[in-house]
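Written out below as structure tokens is the structure these notes cover.
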Amino acid sequence: MALLILAGLQMIPKDTYEAARVDGASAWQQFTKITLPLVKPALMVAVLFRTLDALRMYDLPVIMISASSNSPTAVISQLVVEDMRQNNFNSASALSTLIFLLIFFVAFVMIRFLGADVSGQRGMEKNRRRWRRPGRKGPAVAGAGVGITGAAVASEVASS
């Protein structure tokens, strides 16, 4: 999870922070307006992976607490294994199908409604469409041209 978030943080261009600093943005504004929106896809994918891992967990409760499905901490996977050991395959199959449907539903909700961009293509399409609009003047993204202007002003001041 940490590696996914670190990769998302490293994808943020440093020029964006420099432009925000030139515009007078505070550290909190930089975090809420730049860092969080740009890290959100990686963060959502990491949360999705951890949620799916938690839903299909079997080994930790069995090893650390009890292998019995009568335990108050039993997970659904333990119930499936217990039913299979007792040759109750109908119940085990139904519980496995329920686990699959629950995991599918959670993944669907996170991808569709919470904005987890697993493929990485949604943001690229949005940016392509934004730059191709005819008749649009200036940069399409607010503050996109500020870094160049700020750097130009800084070099002019330094050379004077």
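The values are calculated or read from the model by the stated rules, or taken from the named source; none is laboratory data. What you see is a predicted model; the values in this text were computed from it and never measured. So basically every Cβ, Gly included, is an ideal-geometry build from the backbone, and we count neighbours across all protein chains shown.
The single condition from (1) in contact (Cβ under 8 Å) with a residue 24 or more places away in the chain; (2) of a type in the set (A, V, I, L, M, F, W, C); (3) assigned to a helix (DSSP H, G or I) that residue 12 fails is (3).
Applying the criterion of being among the polar types (S, T, N, Q) and in contact (Cβ under 8 Å) with a residue 12 or more places away in the chain to the residues of the range 69-90, the residue that is nearest to residue 3 (Cα to Cα) is 77.
Only one of 5, 34, 12 is outside the structural domain of residue 113 (by TED's automatic domain parsing) and more than 23 Å from residue 112 (Cα to Cα); which? First the steps, then the outcome.
On the way: 5 fails: more than 23 Å from residue 112 (Cα to Cα); 34 fails: more than 23 Å from residue 112 (Cα to Cα).
The conditions single out 12.
Listed here are the helices (runs of 4 or more DSSP H) enclosed by the range 20-129 that have at least 2 residues being modelled with pLDDT of 90 or more, more than 30 Å from residue 10 (Cβ to Cβ) and of a type in the set (A, V, I, L, M, F, W, C): 89-112. Just to verify a result, which residue in the range 43-67, among those that are more than 26 Å from residue 111 (Cβ to Cβ) and touching a residue at least 12 places away in the same chain (Cβ under 8 Å), is surrounded by the fewest Cβ atoms within 10 Å (Cβ to Cβ)? For the range 43-67, the residue satisfying everything is 61.
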